[in-house]
Amino acid sequence: MDYAWIIQINFLNLTILGIILYSVCKNYDRQIRQRYFIKALITAMLSFCADINWGIIEGKIISEPRLANFLTNSLYLISTIILSYYWFCYVEYALGAAFMNNKLVRKLIKIPVFIIIIGVIISYFNGFLFYIDENNIYRRGNFIILHTTLCHTYSIFTTIHAVIRSIKCKVYVKAIEYRILAMFLFFPFGIGIIQILLPYIPTVSSGITLSFLYIYIDLQNLLISVDTLSGLNNRTQLLRYLGARLKANPQEGKLYIFMLDVNKFKKINDTYGHIEGDNALIQCSNALKRANKDNNNFIGRYGGDEFIIIADLQSDFDADLICEKIRNELAKICKEEKITYDLSLSIGYASYKKEMRTMQNFIAAADEKLYEAKKARDLMAKHA
């Protein structure tokens, strides 16, 4: 067997993960989930290093003692189970799993890692997981399947959890993120089947690399679609979504668009400063999220102090209910956050009509209703 290409493939995988690690560390924001992502990357790279040394030993490129071979394979088995553990923690923190806040549960989650570490130590004496034969060649032990099973237990659990959360999640951007996280298992699991049949081909390391690369690129693309201040969909994503909905020929009078803006936002900025102005936008965004948490309505920041909601509704009555929910949630937030100034939203909405034809006309119809709402509010304030 030509071990040189195995070493080359692992060096390539190591380089790719190194580039991802550098990029992630450069933008490190100290979130706990990001710490686990970095740890997962590092342990994956350690497993690749072990794989490289395994190729050197097995290919007799450099003569190394049996102990070095044993330690190399031990490092591989331990680093891969730790990688699975770190990935589990990363995904569960990303999903906001409540059980991750429980100290006892966090300790129980580590049990598979300790099982493999103990199994590796035992293997030195009786070949429990693996052994090195008299010719200094790696051989599988009778219980090597335990390592594969425990690694996949971590991955399968998080994959199923991410899929369930993506289905249940009502926030469009979050649902996409959860679907991306659910894809991690796809490459190593699929390619890993090949390695079971052909144990001397480094398919798992390539699968892990492809998974990290896929998820990193997709999450970066997702960030491009998110407004960093509010956490809502940004204007680009909003227009993309609305364009797709209109291309699907929605039923007339059932697709609604809401245009909202913050009342007297300039005054808030001028009086309390831009930091408080940003806080006002964040609280308004939170009100929109809370008011729409039980539905699939699409929420986005259109620009400045303007927001848009796209919803499938049966009538104007349902639209009025959403408006009322938004106002109530914002009032609750103002009370919770002890906001002393008047923070409120004006809302205008329109249902889709065939004669509108374009996305611009649809938005303009809601904008016109928003203008009427603001005008009526100003008139009421004037006579108050």
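Exactly one residue out of Ile52, Ile62 is surrounded by 20 or more Cβ atoms within 10 Å (Cβ to Cβ) and more than 12 Å from Tyr138 (Cβ to Cβ), and it is Ile52. Asp312 meets each of the listed conditions (1) surrounded by 13 or more Cβ atoms within 10 Å (Cβ to Cβ); (2) modelled with pLDDT under 95; (3) closer than 23 Å to Ala280 by Cα apart from (3).
Is segment 84-105 home to any residue that is among the basic types (Lys, Arg) and either touching a His at 6+ places or on another chain (Cβ under 9 Å) or farther than 26 Å from Thr159 by Cβ (or both)? Looking through segment 84-105, none of the residues is among the basic types (Lys, Arg) and either touching a His at 6+ places or on another chain (Cβ under 9 Å) or farther than 26 Å from Thr159 by Cβ (or both). Taking Asn142, is it out of contact with any Gly (no Cβ under 8 Å at 6 or more places or on another chain), over 20 Å from Tyr85 (Cβ atoms), assigned to a loop (DSSP other than H, G, I, E, B) and not aromatic (Phe, Trp, Tyr)? Against the criterion (out of contact with any Gly (no Cβ under 8 Å at 6 or more places or on another chain), over 20 Å from Tyr85 (Cβ atoms), assigned to a loop (DSSP other than H, G, I, E, B) and not aromatic (Phe, Trp, Tyr)), Asn142 does not qualify. Lys382 falls short of the stated requirement of being assigned to a helix (DSSP H, G or I), in contact with a strand residue (DSSP E or B) (Cβ under 7 Å, 6 or more places away or on another chain) and either at pLDDT below 95 or not assigned by TED's automatic domain parsing to the domain that holds Arg240 (or both).
Taking the conditions (1) within 29 Å of Ile118 (Cβ to Cβ); (2) more than 24 Å from the chain's Cα centre (by Cα) in turn, Ile62 satisfies each one other than (1). Number of residues in segment 204-254 that are crowded, with 16+ Cβ neighbours inside 10 Å and small (Gly, Ala, Ser) equals 7. When Leu77, Leu67, Leu108, Leu146 are checked against the criterion of being buried (at least 21 other Cβ atoms within 10 Å of the Cβ) and among the hydrophobic types (A, V, I, L, M, F, W, C), a single residue qualifies: Leu77. Taking segment 111-125 as the range and being more than 24 Å from Tyr90 (Cβ to Cβ) and surrounded by fewer than 18 Cβ atoms within 10 Å (Cβ to Cβ) as the test, the residues that pass are Ile118, Ile121, Ile122, Tyr124, Phe125. Could you tell me whether segment 88-98 includes any residue that is buried (at least 21 other Cβ atoms within 10 Å of the Cβ), of a type in the set (Gly, Ala, Ser) and in a helix (DSSP H, G or I)? Yes.
Conditions (1) within 17 Å of Lys254 (Cα to Cα); (2) surrounded by fewer than 17 Cβ atoms within 10 Å (Cβ to Cβ); (3) within 31 Å of the chain's Cα centre (by Cα), marked per residue:
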position	(1), (2), (3)
Lys267	no, yes, no
Asn286	no, no, yes
Lys293	no, yes, yes
Arg301	no, no, yes
Asp318	yes, yes, no
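Looking only at segment 333-357, filter to residues that are exposed (fewer than 15 other Cβ atoms within 10 Å of the Cβ) and free of Cβ contacts under 8 Å to residues at least 24 places away in the same chain; which one of those is nearest to Leu246 (Cα to Cα)? Applying the filter and picking the extreme gives Arg357. Only one entry in Ile42, Ile20, Ile16 is part of a helix (DSSP H, G or I), under 18 Å from Ser211 (Cβ atoms), free of Cβ contacts under 8 Å to residues at least 24 places away in the same chain and not aromatic (Phe, Trp, Tyr), namely Ile42.
Which of (1) within 26 Å of the chain's Cα centre (by Cα); (2) under 19 Å from His152 (Cα atoms); (3) buried (at least 22 other Cβ atoms within 10 Å of the Cβ) does Thr43 not meet, given it meets every other one? The one condition Thr43 does not meet is (3).
Any residue in segment 236-253 that's within 17 Å of Ile224 (Cβ to Cβ) and modelled with pLDDT of 90 or more: show its pairings with residues that are aliphatic (A, V, I, L, M) and loosely packed, with under 14 Cβ neighbours inside 10 Å at Cβ separation under 9 Å, as long as the two are six or more apart or on different chains. Listed pairs, sorted by first residue: none to list.
The values are calculated or read from the model by the stated rules, or taken from the named source; none is laboratory data. Remember, predicted model here, so these are calculated numbers, not experimental data. Note that each Cβ is placed from the backbone with ideal geometry, even for glycine, and that neighbours are counted across all protein chains shown.
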